[in-house]
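*Asks:* Quick one: the structure is below, and I'll ask about it shortly.
The values are calculated or read from the model by the stated rules, or taken from the named source; none is laboratory data. Everything numeric in this text was worked out from a predicted model, so none of it was measured. Using ideal geometry, Cβ is built from the backbone for each residue, glycine included, and neighbour counts are taken over all protein chains shown.
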């Protein structure tokens with residue numbers, strides 16, 4: 001009998017994980033945050049989209065309610081809504097919530113080929129040159145700019161060269177673990193946390209502006225209500 005051929009070796013390659021990050025004060029989290037996050041997660045087939053509440057945002061006013069309450073509301077909002085999850089690491093640090101620090105910590109926990117996508121609204125993206133170590137962000141992630149059809153402002157000069165060198169027209173064409181920028185069109189939802197806080201302070205309903213579970217938490221804890 002002739003020698004038998006050895007069985008062919010079947011090699012399978014696991015595609016890299018795709019992780020999105022959406023930071024914010026979430027004071028409170030509302031349907032605009034959640035619908036936008038879900039649209040991006042679906043469009044880019046993300047394995048996970050982490051909502052990351054900030055403790056002491058360097059570029060925002062101090063949140064009106066405690067970090068514990070803001071975290072609890074986000075947890076209520078995303079419970080059972082895959083692939084949205086909560087990442088509370090910024091609330092565990094006793095210093096300003098610098099995005100570069102968060103990215104470095106996340107990167108240390110992920111496989112080297114994991115793709116990380118930082119979601120930024122247009123206004124936040126235009127403010128990048130004021131961020132701590134902002135030039136290093138693309139070493140750790142891709143940036144997805146969530147642009148609404150009514151956004152008509154121009155990016156600052158400091159970003160124009162970066163956009164020329166790093167932007168990709170199709171978000172699905174982002175390659176590798178980090179380093180590129182793409183724009184994602186968002187369904188405009190005319191809702192803001194400021195509006196919600198004002199409605200609550202005046203005793204008006206915010207039903208359908210926040211998930212029912214978040215509204216129940218706000219009511220149970222008397223958040224954002226005008227003091228007697």
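*Asks:* Filter segment 166-193 down to the residues that are in a helix (DSSP H, G or I) and surrounded by 10 or more Cβ atoms within 10 Å (Cβ to Cβ) and list them by number.
*Replies:* As a first pass, look at segment 166-193 and keep what is in a helix (DSSP H, G or I): 166, 171-173, 193.
Those that are in a helix (DSSP H, G or I) and surrounded by 10 or more Cβ atoms within 10 Å (Cβ to Cβ): 166, 171, 193.
*Asks:* Looking at residue 215, is it in contact with a strand residue (DSSP E or B) (Cβ under 7 Å, 6 or more places away or on another chain), farther than 21 Å from residue 53 by Cα and not in a loop (DSSP other than H, G, I, E, B)? Show your work before the answer.
*Replies:* Working: in contact with a strand residue (DSSP E or B) (Cβ under 7 Å, 6 or more places away or on another chain): yes; farther than 21 Å from residue 53 by Cα: no; not in a loop (DSSP other than H, G, I, E, B): yes.
No; evaluated as a whole, the condition is false for this residue.
*Asks:* Applying the selection to segment 190-228, what residues are over 20 Å from residue 33 (Cα atoms) and in contact (Cβ under 8 Å) with a residue 60 or more places away in the chain?
*Replies:* 221
*Asks:* Okay, next question. So which residues in segment 123-162 are exposed (fewer than 15 other Cβ atoms within 10 Å of the Cβ) and outside any loop (DSSP other than H, G, I, E, B)?
*Replies:* 123, 129, 130, 135, 136, 139, 157, 158, 160, 161
*Asks:* Let me ask something additional. Taking the criterion of being surrounded by fewer than 18 Cβ atoms within 10 Å (Cβ to Cβ) and farther than 20 Å from residue 22 by Cβ, would at least one residue in segment 91-98 satisfy it?
*Replies:* Yes, some residue in segment 91-98 is surrounded by fewer than 18 Cβ atoms within 10 Å (Cβ to Cβ) and farther than 20 Å from residue 22 by Cβ.
*Asks:* Being at pLDDT 95 or above and within 23 Å of residue 128 (Cα to Cα) is the filter here, so list the residues in segment 62-88 that pass it.
*Replies:* 87, 88
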